[in-house]
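Shown next, in structure tokens, is the structure this report addresses.
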Amino acid sequence: MQVQHGETLSVIIVNWNRKDLLRACLLSLQNQQGVQFEIIVVDNGSSDGSAEMIAQEFRSVKLIENTVNLGFCAANNQGIAAASGEFIALLNNDAEACPNWLYELRRVFDGRPGAGMAASKVLVWEDPRRIDKAGHLIYLDGQNRGRGSGELDAGQYDTMEEILWPDGCAAMYRRGMLEEIGGFDEDFFAYADDAELGLRARIAGWRCIYAPAAVVRHHRGATLGVRSLRRVELIERNRILLAAKLFPWSLLWLNGVFYLARLAAGAWAALKGRGEISRFPGWKSKFRVALAMLKGDLEAVSMLPKILRKRREVARIRKLTGAELRRLLWNNRISLKTLSQESV
């Protein structure tokens, strides 16, 4: 890619009490090649000295300090508002970018005016032979999951191709797209936020291109922890909000059927020691997970009036028909077997 004279990319990192991981993340960005870029860190009220570390060790970084944790969505929106780049990359504070990461993401937009998003190949930090995510897939009750999650990287995801949407852990967005459709939905707070933004962009007619040479390594579950019940609540709540806001009615009416099928498959996988629920040992832990999911469901129900109002607002940017959207989701669905037996 020939970088245009004066073109600047913006990299946004949201941080909350992960000073050491954040330092490693920022150090990886110092090794980026072939592009000009700025770094914006939005600190969500950390108490571990993260902001002080940035001020002392990374003086070129633009720091936005919040006094409280505003969540992933609001913090990224702050970063986007402060960014000067025509292309905006997101990088999790618990991820480390390979030297050509930004270069490879940026170049996929050349000659593709309809491309609004670029997705990275995200590898597991602890075992870089394994894929964390190579874009996203979705189950038809609104639960989304990384494409290839947990698989050994044997080159099966080494083709540049159109995919559903990128994982917000390591993604790039065209500013013009964000100005057209809006930024992250702050009602989501965290989890499924990238899915909501990505699917909203697809509904508006934008495409996502997967860049297999744009590689990062990711510490899985470092934000809240893989056994966090709050994480379970948010994932359950937000899959309902995602479906209610963006799914075509022909799929939305069937949401309960798909959900019950996923619960049954998950319970069967748990009996065999597989799947997400297997992370919670013992029946007491699993009961607490069930209560957390119920709490997420109840939170979602309380938010439905507001989300349905937002559904009407999406009609202003809609380019895909209901049938086209249903076909897009169906063609990018994750199988029930894969969803129930893998862990994230």
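No value in this document is a laboratory result; all are computed from the given coordinates. Nothing here was measured: the structure is a model prediction, and the numbers come from that model.
Gaussian network model of the chain, Cα springs within a sub-10 Å range: biggest mean-square fluctuation belongs to which of Gly155, Gly114, Gly322? The residue that fluctuates most here is Gly155.
Oblate is the label for segment 155-229, because the ratio a/c of its alpha-carbon gyration tensor axes (a ≥ b ≥ c) is 1.5 or higher and a/b is not greater than b/c.
For Val14, the amide hydrogen comes within under 5 Å of the amide hydrogens of Val42, Leu91, Asn93, counting only partners 5 or more places away or on other chains and with H modelled in the peptide plane. Among the listed pairs Lys286/Lys319; Lys121/Lys319; Lys286/Lys337, those whose Cα-Cα separation exceeds 31 Å are Lys286/Lys319. The value of relative contact order for segment 9-218, using C-alpha pairs under 8 Å at least six residues apart, is 26 percent. Highest GNM mean-square fluctuation, the chain, Cα pairs closer than 10 Å: which of Ser46, Ser302, Ser84? Answer for the Gaussian network model of the chain: Ser302.
Each stretch of four or more DSSP H residues adds -39500 (n - 2.57); spread over every residue of the chain, this sum gives -13000 deg cm²/dmol at 222 nm. By Kyte-Doolittle mean hydropathy of at least 1.0 and Cα axial length of at least 20 Å, which whole DSSP H helices of the chain are selected? Helices meeting the span and hydropathy rule in the chain are 255-271.
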